[in-house]
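Taking it in order: structure first as structure tokens, then the write-up.
What follows is calculated from the coordinates using simple rules that are stated; it is not laboratory data. This is a predicted model, so every value here is computed, not measured. For neighbour counting, all protein chains shown are included, and Cβ atoms are generated from backbone atoms with ideal geometry for every residue, glycine included.
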Amino acid sequence: MRPHDIRAYCNINPQAIREGMKAGKLDIGFAVQQKGGRRWTYVIIPEKFFKYIGQPVPPEWEKVL
């Protein structure tokens, strides 16, 4: 899952998710800074994200687990 994928499941701005992950405030996946320090890669683990928002994992994301 990527930050833009969450729009369909909650009303949280993807940029807020990115900033929370970079700061280590959201334990829903990981943010990795690329070489050079300007770009980041974000991976959201569906099981952790849906637990965080209190919803079951939808079937379309179960196969990713």
When every residue in region 36-53 that is surrounded by fewer than 11 Cβ atoms within 10 Å (Cβ to Cβ) and within 16 Å of ILE17 (Cα to Cα) is compared, the one farthest from the chain's Cα centre (by Cα) is ARG39
If HIS4 satisfies all but one of (1) over 9 Å from the mean Cα position of the chain (by Cα); (2) surrounded by fewer than 14 Cβ atoms within 10 Å (Cβ to Cβ), what's the number of the condition it fails? (1)
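Restricting attention to region 1-27, and to residues there that are among the basic types (Lys, Arg) and without any contact (Cβ under 8 Å) to a residue 24 or more places away in the chain, which single residue is nearest to LYS63 (Cα to Cα)? Spell out how you get there, then give the answer.
First, the residues of region 1-27 that are among the basic types (Lys, Arg): 2, 7, 18, 22, 25.
Then drop every residue that is not without any contact (Cβ under 8 Å) to a residue 24 or more places away in the chain, which leaves 7, 22, 25.
Working: ARG7: 19, LYS22: 26, LYS25: 27 Å.
Restricting to residues being among the basic types (Lys, Arg) and without any contact (Cβ under 8 Å) to a residue 24 or more places away in the chain, the top hit is ARG7.
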If I go through region 28-57 residue by residue, how many of them are part of a loop (DSSP other than H, G, I, E, B), free of Cβ contacts under 8 Å to residues at least 40 places away in the same chain, under 15 Å from PRO3 (Cβ atoms) and not basic (Lys, Arg)? 1
